[in-house]
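J.: Handing you this structure, nothing more for now.
The values are calculated or read from the model by the stated rules, or taken from the named source; none is laboratory data. What you see is a predicted model, and the numbers here were worked out from it, not measured in a lab. When we count neighbours, we look across all protein chains shown, and the Cβ atoms used for this are built from the backbone with ideal geometry, even at glycine.
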Amino acid sequence: MIKPRHIAVIDIGKTNAKVALVDTEHFEETAVVTRANRVLEGPPWPHFDLEGHWAFILYALKAFHADHGIDAISTTTHGASAVLLDQNGDLGAPMLDYEHHGPDSLREEYDALRPAFSETGSPRLGMGLNLGAQLHWIFATQPDLKARTATILTYPQYWGYRLTGQIASDVSSLGCHTDLWDPYKRHYSSLPETLGIREKMAPPRPATDCLGTVLPAIAKATGLSASTPVFVGIHDSNASLLPHLMDSTPPFSVVSTGTWVIAMAVGGEQKDLDAAKDTLINVNAYGAPVPSARFMGGREYEIAMQGQKITPTNEDIRAVLDKGICLLPALQNDSGPFMSRTAKWVGGEPAIDSGVRAAALSLYLAMVTAHCLEMIGHRGTIIAEGPFTKNRLYLDMLATATGSEVHACKASTGTSIGAAMLAVDGNPDIPASTYHHPRQDLSAYARLWWDLVARQDDGP
């Protein structure tokens, strides 16, 4: 197999959609275009702009191929999403935004149907964060839709289907708190049969398989060769994990940051996971279960800073440490390890446009991440991916709170690089990292934060 030099990656996150061109000589993004992943209002429910994304994807593929040449295509997307196709292979219904509260209206009914946490490793989550809950609600509220639905496929493979005409799902997306997958037996859980949709589920294939080659119409629209391979694709946090499964020796953990902060432990201490704290079993690219925990760290940053991006100075950090200014969880309290708690500032709430607020928020995010890692049995090195790797204070506090060395990957995002590696044989040459170690001057603050959280547990 000839190693492809330029791999185009369709990378759809919850906040932004992008297409990146990855150069496999150095595993770097050489070109990137992005668009907002906006949610359209109904009817019949809030949904993602799939057609807008499709036009954007074709534009990017054409431009990248003209400028650089594209040798292969891979896909990665956020989880908790599936696409319904009708008998003609067309969209059977808009793809529901998983943050819609509609599925909560049938919560009790769905809870009576869903398999136990011990079977699926899926915690019970609100809104549409359990894909099974989405499907139950959609079919219950649109009585004719189930009969009209011929195929249910996970989100990365929808784009593969648009490109190749081939149908598949991948196990990392099926294993993303869907309730639909048994990660221990490595096949569908009992839920698809219970919901009467087992025969509609697209067949799972390894993420590293070649799904097919681009359709003639796609080749004509983009200038791509008709022999351009498209790979099955992968769930985004597992795309971040993949390069390290290929390159690192356990035990280690990967922290994938963005709208969601996902902590994944490989070869760590075996622990009983607590479904009530948003711990779960993810499924990696090879189909193996991975203990994981998560919270909406990027969303909490947006809430706290109201869209402002401020880098704290040393004076800002010192003010936070000296005054004991702490943010306690949780700003986004419908998921994560501190669900149902109300955020609270201790030591005074800093101004929104201040570096002091940015510093306290960075420390808060690191402490919640450390708690996630402790719950899933982290051991060894921590490898950080994504936007938070630009936040030195976050990385230093994460090292301090866990007592671990933190490696911050220099690549601008782990998801596109990981997805590109689906198309390449052999171990990757991962870009160099920056290294962060525990800092003595942050230790007292970490102890203070934990003490305040424990008091929060005890109540007033």
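Condition check ((1) without any contact (Cβ under 8 Å) to a residue 60 or more places away in the chain; (2) in a loop (DSSP other than H, G, I, E, B); (3) over 30 Å from residue 281 (Cα atoms); (4) not assigned by TED's automatic domain parsing to the domain that holds residue 295) across all residues:
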| position | (1), (2), (3), (4) |
| --- | --- |
| 19 | yes, no, no, yes |
| 25 | yes, yes, yes, yes |
| 44 | no, yes, yes, yes |
| 52 | yes, no, yes, yes |
| 60 | yes, no, yes, yes |
| 74 | no, no, no, yes |
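J.: Between 334, 316, which is assigned by TED's automatic domain parsing to the domain that holds residue 388, touching a residue at least 40 places away in the same chain (Cβ under 8 Å) and part of a loop (DSSP other than H, G, I, E, B)?
T.: None of the other options fit; the residue is 334.
J.: Does the range 287-304 contain any residue that is farther than 20 Å from residue 125 by Cβ and crowded, with 24+ Cβ neighbours inside 10 Å?
T.: Within the range 287-304, one or more residues are farther than 20 Å from residue 125 by Cβ and crowded, with 24+ Cβ neighbours inside 10 Å.
J.: Same structure, new question: Mind checking which pairs have a first residue in the range 370-398 that is closer than 11 Å to residue 436 by Cα and a second that is among the polar types (S, T, N, Q) and part of a helix (DSSP H, G or I), Cβ under 6 Å, 6 or more apart or different chains?
T.: Within 6 Å, the pairs are 393/362; 394/362; 398/369.
J.: Quick check on the range 123-134. Is at least one of its residues of a type in the set (S, T, N, Q), farther than 23 Å from residue 215 by Cβ, free of Cβ contacts under 8 Å to residues at least 40 places away in the same chain and not in a loop (DSSP other than H, G, I, E, B)?
T.: No, the range 123-134 has no match at all.
J.: State all residues of the range 197-232 that are assigned to a loop (DSSP other than H, G, I, E, B), of a type in the set (Gly, Ala, Ser), over 18 Å from residue 285 (Cα atoms) and touching a helix residue (DSSP H, G or I) at 6+ places or on another chain (Cβ under 7 Å); if no residue qualifies, say none.
T.: 223, 225, 226
J.: Could you go through the range 136-145 and let me know if any residue there is more than 21 Å from residue 232 (Cα to Cα), touching a residue at least 40 places away in the same chain (Cβ under 8 Å) and within 24 Å of the chain's Cα centre (by Cα).
T.: Yes: one or more hits.
J.: Right, here's the next one. Quick check, is residue 40 in contact with a His (Cβ under 7 Å, 6 or more places away or on another chain) and surrounded by fewer than 18 Cβ atoms within 10 Å (Cβ to Cβ)?
T.: Yes: the conditions hold for residue 40.
J.: Here is a follow-up. Of all residues in the range 386-425, how many are part of a loop (DSSP other than H, G, I, E, B) and of a type in the set (Lys, Arg)?
T.: Qualifying residue count, the range 386-425: 1.
J.: Take residue 273 and tell me if it is closer than 28 Å to residue 337 by Cβ, among the aliphatic types (A, V, I, L, M) and either at pLDDT below 95 or in a loop (DSSP other than H, G, I, E, B) (or both).
T.: Yes: the conditions hold for residue 273.
J.: Sticking with this one: Tell me which residues, restricted to the range 225-272, are surrounded by fewer than 24 Cβ atoms within 10 Å (Cβ to Cβ), aliphatic (A, V, I, L, M) and out of contact with any Pro (no Cβ under 9 Å at 6 or more places or on another chain).
T.: 245
J.: Here's a follow-up. Would you check if residue 73 is in contact with a Pro (Cβ under 9 Å, 6 or more places away or on another chain), at pLDDT 95 or above and surrounded by 23 or more Cβ atoms within 10 Å (Cβ to Cβ)?
T.: yes
J.: Just a yes or no: is a residue in the range 364-385 part of a loop (DSSP other than H, G, I, E, B) and more than 29 Å from residue 265 (Cα to Cα)?
T.: Looking through the range 364-385, none of the residues is part of a loop (DSSP other than H, G, I, E, B) and more than 29 Å from residue 265 (Cα to Cα).
J.: Please go through the range 233-252 and give me each residue that is polar (S, T, N, Q) and assigned to a loop (DSSP other than H, G, I, E, B), ordered by number.
T.: Within the range 233-252, 248, 249 qualify.
J.: Further question on the same structure: Of the residues that sit in the range 148-199 and are of a type in the set (A, V, I, L, M) and under 30 Å from residue 55 (Cα atoms), which one is surrounded by the fewest Cβ atoms within 10 Å (Cβ to Cβ)?
T.: It comes out as 150.
J.: Name every residue in the range 120-136 that is out of contact with any Lys or Arg (no Cβ under 9 Å at 6 or more places or on another chain) and not aliphatic (A, V, I, L, M), in order of residue number.
T.: Within the range 120-136, 121, 128, 134 meet the criteria.
J.: While we're on this one: Quickly run through the range 17-43 and pick out the residues that are under 22 Å from residue 99 (Cα atoms) and modelled with pLDDT of 95 or more.
T.: Correct list: 17, 18, 34, 35, 36, 37, 39, 40.
J.: Determine, yes or no, whether residue 430 is modelled with pLDDT under 95 and part of a helix (DSSP H, G or I).
T.: Spelling it out, it is not the case that residue 430 is modelled with pLDDT under 95 and part of a helix (DSSP H, G or I).
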